[in-house]
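Peer 1: Here you go, one structure.
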Amino acid sequence: MTTTNQHSITILNSHEKESFLIHSKFERLRILRDILDTRTSITAFFPDLHGSFITILLGINRDKESIEFDSTRNPALNKKILGEAQLICATTHNNVKVEFIIDQPCWLTNEQDGVFTSALPKTMIRLQRRESFRVPVPSHLTIRCNLPSGEQKLVLAVHDISAGGIGARVTGIDLAVGTLYKSCEITLPNTSGFQLDLEVRNCRLLHGQKESAIRHIGLAFVNVPGTVMAQIQKYIFILERDSAVG
């Protein structure tokens, strides 16, 4: 069944856009596959945003790293589409707005087939607060996060992770909200690890008192390099995939 809702474009500045960018190619592919399987409509806008058309994905060619999408019934509009260097696309995925760029659309074979093709989108944003994508870390997979604290390092076992930060459960530690920890070391499974800055966003008591008190610490990523964010998003994708399978 095809859904044919009209979608709009959200205007973001460069800083806001960076907050919602999906860096992982695996994640972009997964979202496109879901949009294809559910036949969710896509609103494609011309670069000046003064015109648009409704289309759907018809295929994904992973070998050629391309997508295929439906043309319109208007030959003049199809000609205009072919003359554009880019199309700005808006749709939804799991009730969350998603936007991506289609570069240099062309006919898959010929006009009679009515199918456009383009390279896989290299830019995609998901317009939902990053904190909403918190994924629990299975007990058999441990992420260790080392927080420098004076002469010592506080070693935290991470409880959950999102593209915006991590949560950890700690015993006998009470970190002050707003504290910024520089150059924290985080190691994900099957990676060499990386360093980034973490800011304490929340610290809530779960149970216990004083030395035996167990707290949940929420730490936000600060100024994350794109290469590091790609590793984080890839790990989140693996967790979500494994959770869906098992």
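Peer 1: Here is a list: 212, 183, 149, 192. Which entry is on the phi > 0 side of the Ramachandran plot and loosely packed, with under 13 Cβ neighbours inside 10 Å? Spell out how you get there, then give the answer.
Peer 2: Details: 212 fails: on the phi > 0 side of the Ramachandran plot; 149 fails: on the phi > 0 side of the Ramachandran plot; 192 fails: on the phi > 0 side of the Ramachandran plot.
Within the list 212, 183, 149, 192, the selection yields 183.
Peer 1: Further question: For region 87-95, check the following and say yes or no: at least one residue is farther than 30 Å from residue 220 by Cα and surrounded by fewer than 17 Cβ atoms within 10 Å (Cβ to Cβ).
Peer 2: No.
Peer 1: Which condition number in (1) in contact with a Gly (Cβ under 8 Å, 6 or more places away or on another chain); (2) on the phi > 0 side of the Ramachandran plot is the one that residue 178 fails?
Peer 2: Result: residue 178 passes all but (1).
Peer 1: Would you mind finding the one in 74, 78 that is buried (at least 17 other Cβ atoms within 10 Å of the Cβ) and over 21 Å from residue 33 (Cα atoms)? Spell out how you get there, then give the answer.
Peer 2: Values: 74 fails: buried (at least 17 other Cβ atoms within 10 Å of the Cβ).
Among 74, 78, only 78 is buried (at least 17 other Cβ atoms within 10 Å of the Cβ) and over 21 Å from residue 33 (Cα atoms).
Peer 1: Let me ask another. With respect to residue 156, is the statement that it is in the same structural domain as residue 137 (by TED's automatic domain parsing), touching a Phe, Trp or Tyr at 6+ places or on another chain (Cβ under 7 Å), in a strand (DSSP E or B) and not aromatic (Phe, Trp, Tyr) true? Outline the logic, then answer.
Peer 2: Working: in the same structural domain as residue 137 (by TED's automatic domain parsing): yes; touching a Phe, Trp or Tyr at 6+ places or on another chain (Cβ under 7 Å): no; in a strand (DSSP E or B): yes; not aromatic (Phe, Trp, Tyr): yes.
Answer is no for this residue.
Peer 1: Answer yes or no as to whether residue 160 is under 15 Å from residue 236 (Cβ atoms) and acidic (Asp, Glu). I'd like the intermediate steps shown before the answer.
Peer 2: Numbers: under 15 Å from residue 236 (Cβ atoms): yes; acidic (Asp, Glu): yes.
Criteria met by residue 160.
Peer 1: What number of residues in region 38-78 are at positive phi and within 21 Å of the chain's Cα centre (by Cα)?
Peer 2: Summing the residues that are at positive phi and within 21 Å of the chain's Cα centre (by Cα) in region 38-78 gives 2.
Peer 1: Looking at 49, 58, 29, can you tell me which residue is surrounded by fewer than 19 Cβ atoms within 10 Å (Cβ to Cβ), part of a strand (DSSP E or B) and among the hydrophobic types (A, V, I, L, M, F, W, C)? Please lay out each step first, then the result.
Peer 2: Values: 49 fails: part of a strand (DSSP E or B); 29 fails: part of a strand (DSSP E or B).
Only one candidate passes the filter, namely 58.
The values are calculated or read from the model by the stated rules, or taken from the named source; none is laboratory data. Nothing here was measured: the structure is a model prediction, and the numbers come from that model. No Cβ is skipped: glycine too gets one built from the backbone with ideal geometry, and neighbour counts run over all protein chains shown.
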